[in-house]
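The values are calculated or read from the model by the stated rules, or taken from the named source; none is laboratory data. If you're wondering where the values come from, they're calculated on a predicted model, not measured in any experiment. Neighbour counts are summed over all protein chains in view; Cβ atoms, including those assigned to glycine, are modelled from backbone coordinates with ideal geometry. Surface areas here come from the heavy atoms of the whole protein model, side chains and all, with no ligands, DNA or RNA. Shrake-Rupley method; radii C 1.70, N 1.55, O 1.52, S 1.80 Å.
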Amino acid sequence: MTMTFPQAVLTIAMVLLGTVITRFLPFLLFPASRPVPAYVKYLGEVLPTAVTGLLVVYCLRSISPFSVPFGLPELISIGVILLLHLWKRNTLLSLLGGTVCYMLLVQLVFAG
């Protein structure tokens, strides 16, 4: 199914509008001249941890400890993430290292 030219232009315009609104709306709602509300500060403190926990649960939800490879690629990659983070204290490096480790394990070691 292909879009007609007007549909493509409308789709691009809607994506552009959505992007502009999400980029500028916070500055309109919370200008620098006013203090940031307490609930927004609270959400800024708790949401990163909550989202990370949700992503971990989501990523590990389909692991079966009773069938091959028993979740070993995931567990090894989590270990790599922990070790890298304890060593360098760099979140980006830890996530990148864990991702590379996982991809290498599932493509080369546990491929099947």
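Two decimals is fine: what is log10 I(q)/I(0) at q = 0.16, 0.18, 0.26 Å⁻¹ for region 1-62, from a Debye sum with one equal scatterer on every Cα and no solvent?
Relative scattering, expressed as log10 I(q)/I(0), comes to -0.82, -0.85, -1.02.
Could you run the Karplus curve 6.51 cos²θ - 1.76 cosθ + 1.60 with θ = phi - 60° over region 95-108 and give me ³J(HN,Hα) per residue in whole Hz, x for Gly and Pro?
Running phi through 6.51 cos²θ - 1.76 cosθ + 1.60 with θ = phi - 60° gives 5, 5, x, x, 5, 4, 4, 4, 5, 5, 5, 6, 8, 10 Hz.
Which order do the peptides 27-33, 90-96 take when ranked by the mean count of other beta-carbon atoms within 10 Å per residue, highest first?
Details: 27-33: 8.6, 90-96: 13.0.
For the peptides 27-33, 90-96, the packing ranking is 90-96, 27-33.
Take each of the peptides 40-53, 63-76, average the number of other beta-carbon atoms within 10 Å over its residues, and list them starting from the highest.
On the way: 40-53: 10.4, 63-76: 13.2.
Going by the mean number of other Cβ atoms within 10 Å, highest first, we get 63-76, 40-53.
So the label point goes 7 Å from the Cα of Val51 along Cα→C-beta, right? Which residues of region 59-102 then have their backbone N under 16 Å from it?
Of the residues in region 59-102, 59, 91-92, 95 have backbone N under 16 Å from the label point off Val51.
Using every Cα-Cα pair within the chain, state what percent have a distance larger than 24 Å. Walk me through the intermediate numbers first.
Values: 3524 of 6216 pairs.
Of the Cα pairs, 57 percent sit more than 24 Å apart.
Taking a quarter of the surface of the Cα convex hull of region 55-94, what do you get in nm²?
Numbers: hull surface 11.9 nm².
Result: a mean projected hull area of 3.0 nm².
Got the relative contact order for the chain handy, in percent, Cα pairs under 8 Å and 6 or more residues apart?
Numbers: 36 pairs, mean separation 16.7, N = 112.
Across the chain, relative contact order equals 15 percent.
Could you please state how large a percent of the accessible area of the chain is carbon and sulfur, counting protein chains only and using a 1.4 Å probe?
Numbers: 7220 of 9520 Å².
Carbon-and-sulfur percentage of accessible area, whole number: 76.
Protein chains only, probe 1.4 Å: how do Cys59, Cys101 rank by accessible area, largest first? Write out the running numbers ahead of the final one.
Values: Cys59 90, Cys101 25 Å².
So, going from the largest accessible area down, we get Cys59, Cys101.
Once phi is turned into ³J(HN,Hα) by the Karplus curve 6.51 cos²θ - 1.76 cosθ + 1.60 with θ = phi - 60°, what whole-Hz value does each residue of region 73-86 show in order, with x for glycine and proline?
So the Karplus estimates, Gly and Pro as x, are x, 5, 5, 5, 5, 4, x, 4, 4, 4, 5, 4, 5, 5 Hz.
Which FRET efficiency, nearest 0.05, do Val68 and Leu93 yield, Cβ-Cβ r, R0 35 Å?
Computed FRET efficiency for Val68 and Leu93 comes out at 0.70.
Can you work out the accessible area per residue across the chain, with the rest of the protein chains kept in place, probe 1.4 Å, in square angstrom? List each step's numbers first, then the result.
Numbers: 9520 Å² over 112 residues.
The answer is 85 Å² per residue.
For region 29-46, what does the Karplus curve 6.51 cos²θ - 1.76 cosθ + 1.60, with θ = phi - 60°, yield as ³J(HN,Hα) per residue in whole Hz, taken in order and with x for Gly and Pro?
So the Karplus estimates, Gly and Pro as x, are 6, 10, x, 5, 6, 10, x, 6, x, 4, 5, 6, 4, 4, 4, x, 7, 9 Hz.
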